[in-house]
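Student: Can you read through this structure? Questions will come right after.
The values are calculated or read from the model by the stated rules, or taken from the named source; none is laboratory data. Quick caveat, the model's predicted, so the values are computed rather than measured. Glycine gets a Cβ as well: all are built from the backbone with ideal geometry, and neighbour counts include every protein chain shown. Heads up: the accessible areas ignore ligands, DNA and RNA and are worked out on the full protein's heavy atoms, side chains in. Shrake-Rupley method; radii C 1.70, N 1.55, O 1.52, S 1.80 Å.
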Amino acid sequence: MPCPSATLIAWTSAWLPGAVSPDDVLDALRPWAEVHEVVAADTETGTRLELPVAGARPAGPALLLAVLRRHGAADGRLVLPVPGDVRGLPGPGALTRAALAAGEAVVLPGAGLGIVPTPVVEGILRWTVHLVPRCDAHAVYPSLGEAEHHMAEAMRRAADTLTVLDVARHRRGVRAEIDAMLRARPRAPWPPGTPPRALRVLERADQLAAILAAAGGDPEGSAVSASAIRARGAALRPLDEAVRLARCAAVTEIVRVFGDRVDRR
């Protein structure tokens, strides 16, 4: 499903050129948590960015927006890393470790910043800001067209394998499960002016993610062999990668569209 990092980078990319207000950004984050806290990852980061350090009383998200404005953070990207695939991250270090643990992050290479959201308790989300080496932003994800093709191809191959494995026999009512997951997903809005094709790719990625979740589980009491579980996992892994990359590609396109408005100012 969509993630807090995608919401943050999409809305701040729209806010920087003035397409939305700061209050719009803060409102868009609310579906993820009632309270958002902001801290620096370490003392050096806190001093340079004028943010409280982890362990001290956290700041609010409005201060994070001020930091992004000061540092010209107009080149952000969504990162959805997993072990063995950390593309989009700056290399080994605290940010990469935190992003892998969270499964997501925002990286702003031109501003030299990385931000990782972590649930603290129910209703509270903490954003930890890291310093990373500044560099020119470059494409690390496929285009939207490539992302759509990869999802379709991965879905076709997964479906062929799962049919051979007779997964449907072990997942009675799976269609209802998928529909329930899609209805239950957080409904964080996207900023006005978001390109429709990016929204279409995000919606398709959500649908495939729900299929992945349903196909990857087993009902209580089912008797599925270990070899079948391994074969199913191997079949679903490329689809999981295609979903992650599609989401990143869609958010990259959103950032690009709003970034063009900054360049024209």
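Student: Which distance in Å, rounded to a whole number, links the C-alpha centroids of the stretch 91-122 and the stretch 35-89?
Tutor: Using only Cα atoms to place each centre, the spacing works out to 8 Å.
Student: Same structure again: Sorting check: for 61-71, 83-93, which peptide has the highest mean count of neighbouring beta carbons within 10 Å, and how do the rest follow? Walk me through the numbers before you get to the answer.
Tutor: Working: 61-71: 17.7, 83-93: 13.6.
Per-residue Cβ counts within 10 Å, averaged per peptide and sorted highest first, yield 61-71, 83-93.
Student: Same structure again: Where only protein heavy atoms count, and the probe is 1.4 Å, what is the accessible area per residue for the stretch 33-114 in Å²?
Tutor: Working: 3570 Å² over 82 residues.
About 43 Å² of surface per residue is accessible.
Student: Kindly rank 145-155, 111-121, 249-259 from highest to lowest mean number of other beta carbons found within 10 Å of each residue. Could you put the intermediate results ahead of the total?
Tutor: On the way: 145-155: 17.3, 111-121: 19.7, 249-259: 23.3.
Output ranking for 145-155, 111-121, 249-259: 249-259, 111-121, 145-155.
Student: Give the peptides 74-82, 98-106, 16-24 in descending order of average Cβ contacts within 10 Å, highest first. Spell out each step's value before the answer.
Tutor: Working: 74-82: 22.6, 98-106: 20.7, 16-24: 15.6.
Ranked by mean Cβ neighbours within 10 Å, highest first: 74-82, 98-106, 16-24.
Student: So, one more: Treating only the Cβ of Lys, Arg, Asp and Glu as charged (+1, +1, -1, -1), what charge dipole size does the stretch 1-104 show about its Cα centre? Round to the nearest 20 debye.
Tutor: Numbers: 8 positive and 11 negative charges, 43 e Å.
In total the dipole reaches around 200 debye.
Student: Quick one: which residues, 5 or more positions from residue 113 or on another chain, have an amide H under 5 Å from its amide H? H modelled 1.01 Å from N in the peptide plane, none for Pro or chain starts.
Tutor: 108, 132
Student: Please turn the phi angles of the stretch 45-50 into ³J(HN,Hα) values with the Karplus equation 6.51 cos²θ - 1.76 cosθ + 1.60 (θ = phi - 60°), one per residue in order, whole Hz, x for glycine and proline.
Tutor: For the stretch 45-50, the Karplus curve yields 5, x, 5, 5, 9, 6 Hz.
Student: While we're looking at this one, here's another question. Taking each pair of distinct Cα atoms in the stretch 1-66 once, what is the resulting Kirkwood hydrodynamic radius in Å?
Tutor: Values: mean 1/r = 0.0788 Å⁻¹.
Result for the stretch 1-66 stands at 12.7 Å.
Student: Can I ask one more? Can you tell which of 58, 73, 125 lies farthest toward the positive end of the dipole of the stretch 31-138, using +1 and -1 charges on the Cβ of basic and acidic side chains (Lys, Arg; Asp, Glu)?
Tutor: Comparing the listed Cα positions along the dipole, 73 ranks first.
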